[in-house]
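Beneath this line is the structure, given in structure tokens, with notes to follow.
We did not get these values from a lab; they are worked out from the coordinates using the rules stated. This is a predicted model, so every value here is computed, not measured. All Cβ positions, glycine included, derive from the backbone under ideal geometry; neighbour counts span all protein chains shown.
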Amino acid sequence: MSSLKEFIYNSQPEYEYRVKMTAEPIEELMDRFEAHLVKYDVKKVAKPVKLMLQSHNVDFPDSRGVEIWYVDVTLGLPAQPRALAMELGEAMGISENQIKIRGANEGIELEQRADLSSDNKEYKVKMGTEYSADEGPKKEPLFGDEYNSMFMRELAKAQKDRVFKYEFSAKVPDAKHEPLESTKSTSPISGAEQEKYR
């Protein structure tokens, strides 16, 4: 049975980050990098990996056609990626535009990893191959006399289906109109005679 200290030590969370930079991670830079991460209780620092050259990169939109390196880091203490990027940039002597840090489980990071893993799969040529049943050209005509007559038949059918029938909730009996009767009265204000109809 493990002791309480071992249990607490083993249950401490670890925080994974991916540090991307456009500066080549030479040995001197990596020494400064690891020395700065000591305050975040660094657990593991992976070897730097070079990504393939890209003309436009999501992480570095201002830099075109630069080599990008990434280092996976595991820390014992949480860090805010933007603040950590600024601190590491200052410690390594590189511009903050040359370094980007994302959590390992951020959506955009997972998407980029999926893209990298899909690049390793074998690519199937699609041009010049036969269409599958659901994506080929349609068998019915799309223009001409046959299409026009088929279209007119569909319109006639739709018009038959659109006959409006009005139904009323109750029948109203025919009202008999009585002739209007006129009466004469005097106005209380002016005293003139007025004709009223009822």
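A few remarks follow.
- The protection proxy used here, the mean number of other Cβ atoms lying within 10 Å of each residue, ranks peptides 83-90, 32-39, 62-69 as follows, highest first: 83-90, 32-39, 62-69.
- Pair A133, E146: separation of 7 Å Cα→Cβ label points (nm): 2.2 nm
- Among M52, P25, H36 the positive-end extreme of the charge dipole of the stretch 15-55 (Cβ point charges): M52
- ³J(HN,Hα), Karplus 6.51/-1.76/1.60, whole Hz, each residue of the stretch 96-106, x for Gly, Pro: 5, 6, 9, 9, 9, 10, 9, x, 5, 9, 6
- Approximate spin-label separation R113-K43, in nm, with each point projected 7 Å along Cα-to-Cβ: 1.4 nm
- You can think of it this way: the chain between E167 and R64 has 30.0 nm of extra reach, that is 0.36 nm per residue less the Cα-Cα gap.
- Lysine pair count for the stretch 13-117 (Cα-Cα distance under 17 Å; residues 8 or more apart in sequence or on different chains): 6.
- Two-site FRET efficiency, L77 against K50, from Cβ-Cβ distance with R₀ of 35 Å, rounded to 0.05: 0.80
- D134, D31, D145 arranged by Cβ crowding within 10 Å, fewest neighbours leading: D134, D145, D31
- Sequence-distant residues sharing a close amide H with I68 (under 5 Å, placed H): L51
- Think of each Lys and Arg Cβ as +1 and each Asp and Glu Cβ as -1; about the Cα centre, that makes the dipole of the stretch 1-58 roughly 160 debye.
- Neighbour counts of C-beta atoms inside 10 Å place E154, E27 in the sequence E27, E154, starting with the fewest.
- Hz values of 3J(HN,Hα) by residue in the stretch 40-47 - Karplus curve (6.51, -1.76, 1.60), Gly and Pro given as x: 9, 6, 4, 9, 8, 10, 7, 5
- Rounded to the nearest whole Hz, the Karplus-based 3J(HN,Hα) values (6.51 cos²θ - 1.76 cosθ + 1.60, θ = phi - 60°) of the stretch 125-133 follow the sequence 6, 9, 6, x, 8, 6, 6, 7, 4, with x at glycine and proline.
- Peptide packing for 18-24, 75-81 was compared via the average number of neighbouring C-beta atoms within 10 Å per residue; ordered from the highest value, the list is 18-24, 75-81.
- Mean separation of Cα contacts under 8 Å, 6 or more apart, over the residue count of the stretch 13-117: relative contact order %: 38 percent
- Listed by chain and number, the lysines whose alpha-carbon sits under 26 Å from that of K124, ignoring those within fewer than 8 places in the same chain, are K138.
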